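Visitor: Structure incoming, see below.
The values are calculated or read from the model by the stated rules, or taken from the named source; none is laboratory data. Everything numeric in this text was worked out from a predicted model, so none of it was measured. We place every Cβ from the backbone using ideal geometry, glycine too, and count neighbours over all the protein chains shown. The protein model used for the area step is the full one, side chains on, heavy atoms only, and it has no ligands, DNA or RNA in it. Shrake-Rupley method; radii C 1.70, N 1.55, O 1.52, S 1.80 Å.
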Amino acid sequence: MSDAVNLRVVAPPGVVPGRIWRAGAGAVMDAGAAAELTGRHGLRTVIDLRSQNETDRSGAPDELLGRGVRWSRSPLTGYPRDLVHVPRPTPDHYVRYYHAILMESTTGSVPALFAALADAADEPFLVCCHLGKDRTAVVVAALLALAGVPDELIAADYAASGAALFPLVDRYAHKWRAHGWTRQDYLVHLATPAVVMRTWLAEVRRQHRSVRAALITAGARPADLTALTAALTSRTHPGDRH
């Protein structure tokens, strides 16, 4: 597909084909990618996890909006970002970071996000953040868990982000230089080893019994989670068997 950051469909067995897409910020998507997503794949909604400051810096997803796509602003903010603000974070750093995104984001953001997802999930939708790597990973993993997708397939989808982002490391040289990191340091930040996602999912279940229960603890409405499961799997009953 034309220029877009970390853009791909998420289509493991058991999930309606072509329903979930993920990417870095849609604002950097060119006309070709936007035309293919809307014309060929029927994309109808962008669920944008970026903060207002991020949107101010990198812009709105104008190419998609110009083709009639609905822009659902659902920022995930307020969690402690310093958990991975070291030159070379370990998998354990990222496990704790992802749990913070899910459980420590600004009050009200998780229920609003999952209400927006439930409203969008009957048609193809795209979840995006800055790089489509961390916040997007947490949200997509939660959706797949609700749909009953095995952990290994959730982790495989997560691992694909690193391969997509590594070639872009020099595009973001200003970021790693501003932090005083090396190019190799930033490659560690772009990595998405499957063990991170497998460990995080196991930790969610250890603390909350299931991904669904964790989402409810974070404020998501059970009715929205049930609707999401049905929309993503064409089933009529909740499917989070984890």
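Visitor: For a quick check of your reading of the model, give me the residue pairs whose first member lies in the stretch 77-102 and is among the charged types (D, E, K, R), whose second is part of a loop (DSSP other than H, G, I, E, B) and surrounded by 15 or more Cβ atoms within 10 Å (Cβ to Cβ), with beta-carbon atoms closer than 9 Å and at least 6 apart or on different chains.
Guide: Sorted first by the residue in the stretch 77-102, then by its partner, the pairs are R88/W181.
Visitor: I216 passes all but one of (1) crowded, with 23+ Cβ neighbours inside 10 Å; (2) over 17 Å from the mean Cα position of the chain (by Cα); (3) not small (G, A, S); which number fails?
Guide: (1)
Visitor: Every residue in the stretch 165-177 that is surrounded by 12 or more Cβ atoms within 10 Å (Cβ to Cβ) and more than 17 Å from A25 (Cα to Cα), please.
Guide: Within the stretch 165-177, W176, R177 meet the criteria.
Visitor: Can you tell me which residue among G162, G132, G148, G180 is in contact with a strand residue (DSSP E or B) (Cβ under 9 Å, 6 or more places away or on another chain) and either farther than 16 Å from D224 by Cβ or open to solvent by 20 Å² or more (accessible area, probe 1.4 Å) (or both)?
Guide: Values: G162 fails: in contact with a strand residue (DSSP E or B) (Cβ under 9 Å, 6 or more places away or on another chain); G148 fails: in contact with a strand residue (DSSP E or B) (Cβ under 9 Å, 6 or more places away or on another chain); G180 fails: in contact with a strand residue (DSSP E or B) (Cβ under 9 Å, 6 or more places away or on another chain).
None of the other options fit; the residue is G132.
Visitor: Please report, ordered by residue number, the helices (runs of 4 or more DSSP H) entirely within the stretch 1-93 with at least 1 residues that are open to solvent by 60 Å² or more (accessible area, probe 1.4 Å) and closer than 30 Å to W200 by Cα. Walk me through it before giving the result.
Guide: Working: elements: 31-35, 52-58, 62-65.
In the stretch 1-93, 52-58 are the helices (runs of 4 or more DSSP H) which contain 1 or more residues that are open to solvent by 60 Å² or more (accessible area, probe 1.4 Å) and closer than 30 Å to W200 by Cα.
Visitor: Counting only residues that are closer than 21 Å to R73 by Cβ and without any contact (Cβ under 8 Å) to a residue 40 or more places away in the chain, how many does the stretch 1-50 have?
Guide: Total satisfying the criteria: 7.
Visitor: Can you tell which of A100, A118, A112 is modelled with pLDDT of 95 or more and either open to solvent by less than 10 Å² (accessible area, probe 1.4 Å) or among the β-branched types (V, I, T) (or both)? Full working, then the answer.
Guide: Details: A118 fails: either open to solvent by less than 10 Å² (accessible area, probe 1.4 Å) or among the β-branched types (V, I, T) (or both); A112 fails: either open to solvent by less than 10 Å² (accessible area, probe 1.4 Å) or among the β-branched types (V, I, T) (or both).
Of A100, A118, A112, the one residue that is modelled with pLDDT of 95 or more and either open to solvent by less than 10 Å² (accessible area, probe 1.4 Å) or among the β-branched types (V, I, T) (or both) is A100.
Visitor: Please tell me if L215 is aliphatic (A, V, I, L, M) and at pLDDT below 95. Give the derivation first.
Guide: Numbers: aliphatic (A, V, I, L, M): yes; at pLDDT below 95: no.
So L215 fails the test.
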